[in-house]
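This report concerns only the one structure given below.
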Amino acid sequence: MKVDTIDPDKLIYLMNESDTTPMNRRTFTKTAVTATAAAATLSTLKGAHHEKDKMSSENKPFTMRFGPHDGHFREHVGNNVLDQIQFAYDHGFRTWEDNRMPRREVSEQVAMGKLFEKLGMELGVFVAYAEFRHPTMTGHRADFFDRKRDKKEIREMLIGKMKDAVEIAKRGGTKYCTVVPGSIDPSVLPEYQTANVVEHLKYMAEICEPSGLVMVLEPLNYINHPNCFLQRVAQAHQICAMVDSPSCKILDDLYHQQITEGNLITNMEDAWDQIAYIQVGDVPGRKEPTTGEINYKNVFKWLYEKGYQGIIGMEHGIKNRGTKEGEMELIKAYRSVDVS
């Protein structure tokens, strides 16, 4: 008897018809042991390759450029933002968002920028200027409860913010920063508020243009942010058109716009020439996709077919926050809605 073929799964032994010599027990036992060991080795190798392929599939880069935030993977790797960025990369993410960049030490900003460069990742938006309570840009007022208007004071403050933003962007290697223009000024007619906001944004854009930094204006919903001036995508589109600068565009946060006006895809289509950045979060709850009412699989499919290659910021919480399981569910949710 001789072995003609070894099938890794069945180890088929073929009898040579010309060999009629009986096999003694010692020869049979030795052959069987050898074959069993070979089968075990091949089975182990096959299993290892399967696990490797499975891991590779689970951790491959996402098609869409989803950007996690500081805190999304804290249960796995702790508070160190560099460790969190590395964890995100290892699980397929190729972008990152960090609203807190202006509050970080310069050394940490530089370290993050170097890590992004090493990994081939891109930093998305950070908040360059966001005012929620006072009519700074709408009415030239630093305090809602003080009727004094000081356009020069506001201008100097905003110029300082944008100069800082340009330097932060260089350290982190990003080209986007978020701007929220402030609250409504009830003592100024809406049309004049718009004119005031446009005036401020024009000189802010002039500071950004030489470096290529783009301010993205974020309309916010009226429930979470009552009295904010900028609430609708169409309103932001009008303002960007009036500013008329490559450094002043729209950040369309679909969480906010689902609450404010819905009709997400049509509103993106109508404002597409001014939209530079997308953020997401499901409604209600502002958690990961699949936890609420928005059909993000269709939304991302539309963005992909539209040719959008920008960042999609994950500016939301986690449904099962505070657990490793919840963080893995976050990743699985994005796998389920990614474009295949």
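The values are calculated or read from the model by the stated rules, or taken from the named source; none is laboratory data. Keep in mind it's a predicted model, so treat the numbers as computed, not measured. Note that each Cβ is placed from the backbone with ideal geometry, even for glycine, and that neighbours are counted across all protein chains shown.
In the same structural domain as H69 (by TED's automatic domain parsing), buried (at least 18 other Cβ atoms within 10 Å of the Cβ) and more than 29 Å from L264 (Cβ to Cβ), is that true of I159?
Numbers: in the same structural domain as H69 (by TED's automatic domain parsing): yes; buried (at least 18 other Cβ atoms within 10 Å of the Cβ): no; more than 29 Å from L264 (Cβ to Cβ): yes.
No; evaluated as a whole, the condition is false for this residue.
Restricted to region 241-261, and to residues that are farther than 18 Å from I312 by Cα and not hydrophobic (A, V, I, L, M, F, W, C), which residue is surrounded by the most Cβ atoms within 10 Å (Cβ to Cβ)?
Applying the filter and picking the extreme gives S247.
How many of the residues making up region 297-318 are surrounded by 17 or more Cβ atoms within 10 Å (Cβ to Cβ) and not in a helix (DSSP H, G or I)?
Number satisfying all stated conditions: 10.
Here is a check on your reading of the model: is T95 closer than 16 Å to E218 by Cβ and either of a type in the set (V, I, T) or modelled with pLDDT of 95 or more (or both)?
Numbers: closer than 16 Å to E218 by Cβ: no; either of a type in the set (V, I, T) or modelled with pLDDT of 95 or more (or both): yes.
Considered against the rule, which asks whether it is closer than 16 Å to E218 by Cβ and either of a type in the set (V, I, T) or modelled with pLDDT of 95 or more (or both), T95 comes out as no.
Name the residues in region 81-121 that are in contact with a Leu (Cβ under 7 Å, 6 or more places away or on another chain), among the aromatic types (F, W, Y) and in a helix (DSSP H, G or I), would you?
Within region 81-121, Y89, F116 meet the criteria.
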